[in-house]
1. Compute the length gained on full extension between residue 74 and residue 37: take 0.36 nm times their separation in residues and subtract their Cα-Cα distance, giving the result in nm to one decimal.
2. What's the angle, to the nearest 10 degrees (0 to 90), between helix 47-61's Cα axis and the longest principal axis of the chain?
3. If packing is taken as the average number of other Cβ atoms within 10 Å across a peptide's residues, how do 58-64, 3-9 rank, most packed first?
4. If each DSSP helix of 4+ residues adds -39,500 (n - 2.57) and the sum is divided by the residues in the chain, what number results at 222 nm, nearest 500 deg cm²/dmol?
5. Using 0.36 nm times the number of residues separating residue 45 and residue 29, minus their current alpha carbon distance, what extension gain do you get?
6. Which label marks the calculated value of Cα extents along the principal axes in Å, given the options (1) 41, 25, 18; (2) 43, 29, 23; (3) 56, 17, 14?
C-alpha cells in the first residue's frame, strides 16, 4: 500500500465554535497541527482508513460552522 497524507484546511465563522475547541477536536481525531499552507495533517494507508477518517471528521465538525477542505498527497 502507498502511504498517503491527508491535509486539512479549516475556515472558521465568527459565529461558530471557538477555534481552540476545534483544535482539540482535531487532535483527538489524530490530526497534527502543521505550519504553512494547511492547518492539520494525518497519515493513512488504506482507502478504508481514509473513508473512516473523513466520516469522523464530518461528524466532529457538524454544527460548528467550520468549513473544511481536504487535500491528499503521497508521502
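1. On the way: separation 37, 0.36 × 37 = 13.32 nm, distance 1.63 nm.
Extending this stretch completely gives an extra 11.7 nm.
2. 0
3. The packing order, highest mean first, is 3-9, 58-64.
4. On the way: 2 runs with 25 residues, N = 75.
Only helices count here, giving -10500 deg cm²/dmol.
5. Values: separation 16, 0.36 × 16 = 5.76 nm, distance 1.59 nm.
Fully extending the segment from residue 45 to residue 29 adds 4.2 nm.
6. After the calculation, the listed value that fits is (1).
FYI, it's all coordinate maths here, none of it is from the lab. Only a predicted model underlies this, so the values are computations on that prediction, with no experimental measurement involved. All Cβ positions, glycine included, derive from the backbone under ideal geometry; neighbour counts span all protein chains shown.
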